[in-house]
Amino acid sequence: MTKDNYEELRQRVMQLSPRHRVALAQQLSHSSQRLVAYVVPKPDNSTLNPSTLKDFLKSKLPNYMVPAAIVPLETLPRTANGKIDVNALPEPKIATSDAGETPRNAVEETLAQIWQDVLRLNAIGVHDNFFELGGDSILSIQIVSRAREAGLRLAPNQLFEQPTIAELAAVVNLTPEVAATQDVVTGEVPLTPIQQWFFEQEMESAHHWHQAMLVEVPDGVNSEMVEGAIATLWTHHDALRLIFTDKQINTDASNPPKLAHIDLTHLTASDQVQAIAAHGTKLHQNVTLAAGGLMRTALFTCSTNQLRLLLSLHHLVVDAVSWQILLGDLGTLLGGATPLPEKTTSFKSWSETLRAQTAAQQSEADFWVTQVEQPIIQLPRDYAETTLPVEATTQTVTVALSQEDTQALLQTVPAVYNTQINDALLTALAQTLLQWVGATSGNVRIEVEAHGREQITPEIDVSRTVGWFTTTYPYSLQVRNTEDCMESLKSVKEQLRQIPDRGISYGMLRYLGNETIRQRLAQASNSEVLFNYLGQRDSTSTGLQIIQDIDVGTLRDPRNRRGYLLEINTWVANGQLQVNWRYDTKIHRPDTLETLANQYLSALKSLIVQCSDTDSGGFTPSDFPDAEFNQSELDDFIGQLTGEV
């Protein structure tokens, strides 16, 4: 959009008929910030069809310039000095998720059902915004995967560009069809940037750095069925068979992991919990990267009718999205349904494509150099002794928002300034860290972790591929210590919108780029804070009951070093935002982190309260990516538009 586009919009509307006089106003509805056209037909011709007019505008204008509603009026309200009285214009009727426009065709019906399942909502209108309903980038992967299973071809980035069902339905099957091999993939696999980061840490016990899940085995399922399901997963998901010698190699499927059978029926319930943790630790420890077997399993018999399955995977072959895929497939197999959905692009092809596309990211090198080389604030330390954080002295502090505040964070806050969940979470985090330092303003560098499953070429689809796809990238947020949360949110939103390709290019250039850029990025000081939003977790969303209150053993060797002073992991579980702070007790005191964690919740609550104010709302420059507005110019322009047409 350029500064001339609103006049262009006015001219396009008037082309409908020379007998129509049309007035256009930009009404900033406090609840949804929509573009609204108010139309006044000439007295000699009062016939006006808003649908016809809207269709005409769609044929002439980009989506963001098409009014969400067209309201016929007999006359435009005016102030005493003859200007349009925007406050007197009637509120348009715009669909919401409570009573939104229902699907109008089979594609929209399918998408609506998928959205309802993934977002856990009873009804969704075709014009409701995915992110204003609580959607996020991880859930977008699930949307794409389920759409694919339903025969609808989408790309993850399309949910960012077409965030409503109506818009998304219009682009279904327009992306190239991805041909993924269904054969067992073998051979050398280049290390991805995140895998190179892992080996760069030179951990004491690199083989012991795991993730694990404990699930209830459904009634009627015996050990033979579990063993068969594990073998199918092993064959179907190629990354599970990776080994790491001096190279990363995909082996064949001839040697599936053996299922360990452990009888706990002779133990009390409390002793069973301890036994599961002890056996889990052994399972995680007894791994050799060069020999493979990075997926290990144990089946615990807790009573005659209760089996529990422990899945232990080295982090080199799995991430949060992969767990959703694996547990979903496991639930399908244990339920007796076969075959599994077709494979998407292999991890091997993904890694090769990353290398092939790195040269094309060279233009973004200056952006990332700026992020890592500009001066930043240093976090306080409670103890003067310099030490590297390690797992042995790591503790956690976990705090949570209420369900009411979490719902507002997911649905109310995004609608105010067209933001996404990370915008709000990082705004509050940057403000909290700045207050901790005691500075009035400064650059707060945060290493942001993301799912990394970006569609780097049209021929790639990894929505159902298992592997470690995670990306991390440093970003230096310029923030001020202010009580005006709205201004901070707008500022952080605009800064985050400058990140190219959702951050994936940083790792590509840092580990796969030319020697000059690799060295320059490597020489920069490391970020002290890692932040990760893991999305919305449901213990039964995969069809299996995940057991979350039983210790599954020591997942990482206590001698292994950690890469950051603070690691903040956030997710939504049981309707509440959970915030987990990991820190080293030889660097920070427990009370310091408890205070910090609670101050972060307070910052989020303040943001929620201000966003819930009915007078809040508006646009920021990134909402109009083709324009050259700064925030002040945009506010002035909208003020002129709404005050005088």
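Quick notes on this one:
- Lone qualifier among LEU593, LEU566, LEU555 - being touching a strand residue (DSSP E or B) at 6+ places or on another chain (Cβ under 7 Å) and more than 29 Å from LEU139 (Cα to Cα): LEU593
- Restricting segment 173-196 to residues that are outside any loop (DSSP other than H, G, I, E, B) and at pLDDT 95 or above, the residue that is farthest from the chain's Cα centre (by Cα): GLN196
- Only one entry of THR440, THR432 meets the criterion of being surrounded by fewer than 20 Cβ atoms within 10 Å (Cβ to Cβ) and either out of contact with any Pro (no Cβ under 8 Å at 6 or more places or on another chain) or not β-branched (Val, Ile, Thr) (or both), and that entry is THR440.
- Checking each residue in segment 360-373 for being of a type outside the set (D, E, K, R) and surrounded by 13 or more Cβ atoms within 10 Å (Cβ to Cβ) picks out GLN361, GLN362, ALA365, PHE367, TRP368, VAL369, GLN371, VAL372.
- In segment 328-359, residue nearest to MET213 (Cα to Cα) [restricted to those that are buried (at least 20 other Cβ atoms within 10 Å of the Cβ) and hydrophobic (A, V, I, L, M, F, W, C)]: LEU330
- Qualifying residue in segment 348-356 (condition: basic (Lys, Arg) and either closer than 27 Å to ARG146 by Cα or not assigned by TED's automatic domain parsing to the domain that holds ASP557 (or both)): yes
- Residues in segment 137-196 that are of a type in the set (Ser, Thr, Tyr) and exposed (fewer than 14 other Cβ atoms within 10 Å of the Cβ): THR181 alone.
- Residue within segment 260-279 that is touching a Phe, Trp or Tyr at 6+ places or on another chain (Cβ under 6 Å), assigned by TED's automatic domain parsing to the domain that holds SER205, closer than 17 Å to VAL189 by Cβ and surrounded by 19 or more Cβ atoms within 10 Å (Cβ to Cβ) present: no
- LEU477 satisfies every condition listed in (1) under 14 Å from ASN422 (Cβ atoms); (2) buried (at least 21 other Cβ atoms within 10 Å of the Cβ); (3) among the aliphatic types (A, V, I, L, M); (4) in contact (Cβ under 8 Å) with a residue 60 or more places away in the chain except (4).
- Residue among VAL126, VAL144 that is in contact with an Asp or Glu (Cβ under 9 Å, 6 or more places away or on another chain) and closer than 21 Å to ALA450 by Cβ: VAL144
- Helices (runs of 4 or more DSSP H) wholly inside segment 251-363 that include at least 1 residues being under 21 Å from MET225 (Cβ atoms): 269-285, 320-334
- Strands (runs of 3 or more DSSP E) contained in segment 371-484 and holding at least 2 residues under 30 Å from GLY618 (Cα atoms) and of a type in the set (Phe, Trp, Tyr): 471-480
- From the options ALA147, ALA155, residue that is closer than 25 Å to THR470 by Cβ and modelled with pLDDT of 85 or more: ALA147
- Selected residue [modelled with pLDDT of 90 or more and either within 30 Å of ALA603 (Cα to Cα) or in contact with a strand residue (DSSP E or B) (Cβ under 9 Å, 6 or more places away or on another chain) (or both)] from THR471, THR465: THR471
- Matching residues in segment 566-575 - criterion: being over 18 Å from ALA212 (Cβ atoms) and at pLDDT below 95: VAL572, ASN574, GLY575
- Screening GLY507, GLY563, GLY553 for residues that are at pLDDT 95 or above, under 26 Å from GLN285 (Cα atoms), among the small types (Gly, Ala, Ser) and outside any strand (DSSP E or B) leaves exactly one candidate, GLY553.
- Selection count where residues are under 23 Å from the mean Cα position of the chain (by Cα), within 30 Å of VAL437 (Cβ to Cβ) and of a type outside the set (S, T, N, Q), scope segment 347-371: 3
- The residues listed here are SER463, SER491; of these, the one that is touching a helix residue (DSSP H, G or I) at 6+ places or on another chain (Cβ under 9 Å) and surrounded by 22 or more Cβ atoms within 10 Å (Cβ to Cβ) is SER463.
- Residue in segment 537-547 that is nearest to HIS210 (Cα to Cα), counting only those that are in contact (Cβ under 8 Å) with a residue 12 or more places away in the chain and part of a loop (DSSP other than H, G, I, E, B): ILE547
- Hey, LEU426 closer than 17 Å to ASN532 by Cβ and touching a helix residue (DSSP H, G or I) at 6+ places or on another chain (Cβ under 8 Å) or not: yes
- Exactly one residue out of ALA88, ALA99, ALA123 is in contact with a Pro (Cβ under 8 Å, 6 or more places away or on another chain) and at pLDDT below 90, and it is ALA88.
Each row is one residue, and each column tells you yes or no for (1) farther than 16 Å from ALA359 by Cα; (2) under 24 Å from the mean Cα position of the chain (by Cα).
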| residue | (1), (2) |
| --- | --- |
| LEU489 | yes, yes |
| GLU494 | yes, yes |
| ILE499 | yes, yes |
| GLY503 | no, yes |
| TYR506 | no, yes |
| ASN514 | no, no |
| PHE531 | yes, yes |
| ASN560 | yes, no |
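The values are calculated or read from the model by the stated rules, or taken from the named source; none is laboratory data. Because the structure is predicted, anything quoted here is derived from the model rather than measured. For neighbour counting, all protein chains shown are included, and Cβ atoms are generated from backbone atoms with ideal geometry for every residue, glycine included.
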